[in-house]
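Student: To start, I am sharing the structure in question, which I have written as structure tokens.
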Amino acid sequence: MITTQETSTHGLFQGLVVEDGRAFSNWGLSRSTRPAVYVEPVSYADVQTAVRGAERFPSPIHPVGSMHSVTSTIVNDGGTLLCTTKLDQIIGLEQDATGRQLVRVQAGCRLAKLNRWLQAHGVELPFQSEIGEATVGSLAVCDSKESSLDGPGYFSAHVVGLTYVDERGELCRLSDHEHGGAFHEFKCSFGLLGIVVECLLEVRPATLCRTDTSILAYASPEDLAAGLLQARDRSDSLLAIVFLHDLAAFCEQHYKAGPGAFTPASSQPACEEYRVAKRIAIQRGFDGVAPPQPSGLIHSRADFVNEYWHPSADESRLDFQYYEHDLSQFQRVLVESFRFTKSFEARTGFVPTGWATFFVNRPERAKKPFGVYSAGPGVSFSFDPFCPDPANPSWQEFSRGYNQLAIHNLGANASPTQTQWLQQGDVTIPRKLARPRFTTEYYEQFLD
């Protein structure tokens, strides 16, 4: 049964309610779930009604956005799945008591929509991931990565205030300057402390970027590691797609190019051609796609926050793993990963299509007390294998085996939203960051 207006003992639910036992899948069609109830609130009061109405909306109640995660984070069989995507208003720009310029935005707003709005107003977020379908509320309390030109390279670092619904159904607010440690801990909670409905994000005047691309090839994994670090040192930021089995890499070197909100006309049509080619390559997991290789391309980074269509089960689509390491381990990780990959290839004939490599600036420990990027000031890199077919048994076998190497031998930090086939002990979430009303079986295994 689907209704647009439902009542509970605690009030009126005005959004969509689905309670016919249907299945919902993530974007990549690799995970599915059958909640007892699926809801799409259209107001904060709807969220409060759902949380308070445990009989009508059975526990656990789990918030989701665009469901782009590759892991079982969406799985909530028999519980309540609460999708925030209709809470997507951009409320406006403002200043806080410290003089920072902020944007107030609802949790279900997608990054692509937000970045276009900010661009039109001449400001930007320092974090500009190319996965424009991700929602603000999900990223505020989950893991992300981006080779940022400056500042921390993960989204939640730029969140300075939150409005959420707690386990009692109360509307609560937290901010960095008023609540300190409690606020920063909440941002490490994966939505287990409460359902985020609104965020305050720090913004800055918009800037342009210059991008150079190149393909590098080397004779050994040691040389590959040295070459990538050299490319990073010569630029303001580096994104590399590493073809580890071939000891080669496609590199995007980024440089600051001064103020500006829009890509200059002199960069067209080359910028648009590159943007579309990158979008298709990411959509299809780089399966049979060879993007152009522009050099000296001046552009707005907001233009590359792309949107992606929902794939069918028979088409290529991006699937990936995520592992965070300290930059000091770069050569060791590449060398050991190369050995593992070549050994697996010799045994099965399979290798990942590539490895996405991001370099992320970390803040002080107090601002990221748990999870990835929590080692204190420094630089992390993520070395993330990907494949265009989530259902490929060899890809799944490779990923399970590589989890053991990366997490337990190489000391990687993994993510419950971006690292698949985790086992108990691979990731730890402090139990104080979770409430039973919001804790699914998937997340329960990580609590300690």
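The values are calculated or read from the model by the stated rules, or taken from the named source; none is laboratory data. Computed from a prediction, not measured in an experiment: that's the story for all the values here. Every residue, glycine as well, gets a Cβ built from its backbone with ideal geometry; the counts of neighbours run over all protein chains shown. Accessible surface is based on the protein model in full, side chains and every heavy atom, while ligands, DNA and RNA are left aside. Shrake-Rupley method; radii C 1.70, N 1.55, O 1.52, S 1.80 Å.
Student: Residue 104 passes all but one of (1) open to solvent by 10 Å² or more (accessible area, probe 1.4 Å); (2) not in a strand (DSSP E or B); which number fails?
Tutor: The single condition residue 104 does not satisfy is (2).
Student: Shifting gears a bit: Exactly one of (1) open to solvent by 30 Å² or more (accessible area, probe 1.4 Å); (2) within 18 Å of the chain's Cα centre (by Cα); (3) of a type in the set (Gly, Ala, Ser) is unmet by residue 182. Its number?
Tutor: Failed condition: (2).
Student: State which residue is nearest to residue 259 (Cα to Cα) when the search covers only region 345-354 and only residues that are open to solvent by 10 Å² or more (accessible area, probe 1.4 Å) and not small (Gly, Ala, Ser).
Tutor: 353
Student: Outside any loop (DSSP other than H, G, I, E, B) and over 23 Å from residue 163 (Cα atoms) - does that describe any residue in region 34-41?
Tutor: yes
Student: For region 207-226, which residues satisfy the criterion of being open to solvent by 10 Å² or more (accessible area, probe 1.4 Å) and not in a strand (DSSP E or B)?
Tutor: 218, 219, 220, 221, 222, 223, 226
Student: Of all residues in region 107-145 being charged (D, E, K, R) and surrounded by 24 or more Cβ atoms within 10 Å (Cβ to Cβ), which is farthest from residue 178 (Cα to Cα)?
Tutor: Per the stated criteria, the residue is 145.
Student: Turning to a different aspect of this structure: Residues that are open to solvent by 40 Å² or more (accessible area, probe 1.4 Å) and over 13 Å from residue 211 (Cα atoms): which strands (runs of 3 or more DSSP E) entirely in region 227-338 hold 1 or more of them?
Tutor: In region 227-338, the matching strands (runs of 3 or more DSSP E) lie at 237-243, 248-259, 324-326.
Student: From 389, 426, grab the single residue that is open to solvent by 10 Å² or more (accessible area, probe 1.4 Å), in contact (Cβ under 8 Å) with a residue 40 or more places away in the chain and charged (D, E, K, R).
Tutor: Only one candidate qualifies: 389.
Student: May I ask you to list the residues in region 23-76 that are of a type in the set (Gly, Ala, Ser), over 18 Å from residue 107 (Cβ atoms) and open to solvent by less than 10 Å² (accessible area, probe 1.4 Å)?
Tutor: 28, 53
Rundown of residues vs (1) β-branched (Val, Ile, Thr); (2) touching a residue at least 40 places away in the same chain (Cβ under 8 Å); (3) in contact with a helix residue (DSSP H, G or I) (Cβ under 8 Å, 6 or more places away or on another chain), yes/no style:
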| site | (1), (2), (3) |
| --- | --- |
| 227 | no, no, no |
| 234 | no, no, no |
| 244 | no, yes, yes |
| 259 | no, yes, no |
| 262 | no, yes, yes |
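Student: Given (1) assigned to a loop (DSSP other than H, G, I, E, B); (2) among the aliphatic types (A, V, I, L, M); (3) closer than 17 Å to residue 201 by Cβ, where does residue 70 come up short, assuming only one miss?
Tutor: (3)
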